[in-house]
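Beneath this line is the structure, given in structure tokens, with notes to follow.
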Amino acid sequence: MNAQTLTFPEHRDARGALVAINGNKDIPFDIRRVYFVYDNIGGLRRGFHAHKTLEQVLVCTSGSCDILLDDGSKIDSIRLNQPGLGLYIGTMIWHEMYNFSPDCVLLSLASQPYDEADYIRDYREFERAVNRA
Ligand code: T46
């Protein structure tokens, strides 16, 4: 599957903790956009799409959530629950985010600016595209 977990070192001292994520070093692309989702309603899911060209790394900087990953032939689920744990999601991976804790802040480091044309939001269209590949 074109997705994998990544770990980032935590710099902890008497003041607290710090995690640094360097584009093209700790993650396999240059970071061109950052966004985050928060105030999520625990029972509701987000996502329900795949990206044609966008690569992303998701990190729960606070709280936790689960990410469903589907490449058209295999389904996986990853729990993000530490600021030093990232999830790389490459192209053509259907993903859904769910089980948000009330304090969850889900950060995305993205390889491209926002472009709605890069989204496949219809699951049938996604299946057709990956089965053609
Ligand atoms: C993804 C998952 C993990 C913008 O205006 N700019 C942006 O950069 C983004 C990401 C979104 N938006 C607008 C578009 C919608 O009106 O924010 C609204 C919510 O976006 P969406 O419904 O796509 O949110 P999610 O949580 O379903 O998906 C987001 C990202 O869009 C997506 O790329 O992979 O998080």
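The values are calculated or read from the model by the stated rules, or taken from the named source; none is laboratory data. From a predicted model like this one, the values you see are computed outputs, not experimental measurements. Reconstructed Cβ throughout: ideal geometry from the backbone, glycine too, with neighbour counts over all protein chains shown.
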In segment 80-102, the residues that are away from the ligand (no atom under 12 Å from the Cβ) and closer than 11 Å to residue 63 by Cα: 81, 82, 83, 99, 101, 102
Single residue of 26, 122 found to be surrounded by 15 or more Cβ atoms within 10 Å (Cβ to Cβ), acidic (Asp, Glu) and at pLDDT 95 or above: 26
Residue in segment 51-58 that is surrounded by 14 or more Cβ atoms within 10 Å (Cβ to Cβ), part of a loop (DSSP other than H, G, I, E, B) and under 13 Å from the mean Cα position of the chain (by Cα) present: yes
Residues of segment 39-52 classified as more than 12 Å from residue 93 (Cβ to Cβ), within 11 Å of the ligand (Cβ to nearest atom) and among the aliphatic types (A, V, I, L, M), total: 1
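Quick check on this structure: which one of 105, 59 is within 16 Å of the ligand (Cβ to nearest atom) and within 21 Å of residue 28 (Cα to Cα)? Can you show your working first?
Working: 105 fails: within 21 Å of residue 28 (Cα to Cα).
That would be 59, the only listed residue that is within 16 Å of the ligand (Cβ to nearest atom) and within 21 Å of residue 28 (Cα to Cα).
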First in segment 82-94 and at positive phi, second anywhere and away from the ligand (no atom under 12 Å from the Cβ), Cβ under 8 Å, 6 or more apart: 92/2; 92/71; 92/72; 92/126; 92/129; 92/130; 92/133
Among residues of segment 2-38, those that are part of a strand (DSSP E or B), of a type in the set (Ser, Thr, Tyr) and within 16 Å of the ligand (Cβ to nearest atom), counted: 2
Test: residue in segment 41-57 that is of a type in the set (A, V, I, L, M, F, W, C) and in contact with a Gly (Cβ under 7 Å, 6 or more places away or on another chain): yes
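One line per residue, one yes/no per condition, for (1) touching a residue at least 12 places away in the same chain (Cβ under 8 Å); (2) closer than 16 Å to residue 4 by Cβ; (3) exposed (fewer than 15 other Cβ atoms within 10 Å of the Cβ):
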{"residue": "42", "(1), (2), (3)": "yes, no, yes"}
{"residue": "49", "(1), (2), (3)": "yes, no, no"}
{"residue": "64", "(1), (2), (3)": "yes, no, no"}
{"residue": "75", "(1), (2), (3)": "no, yes, yes"}
Scope segment 44-69; condition over 25 Å from residue 9 (Cα atoms) and touching a Lys or Arg at 6+ places or on another chain (Cβ under 6 Å); matching residues: 49
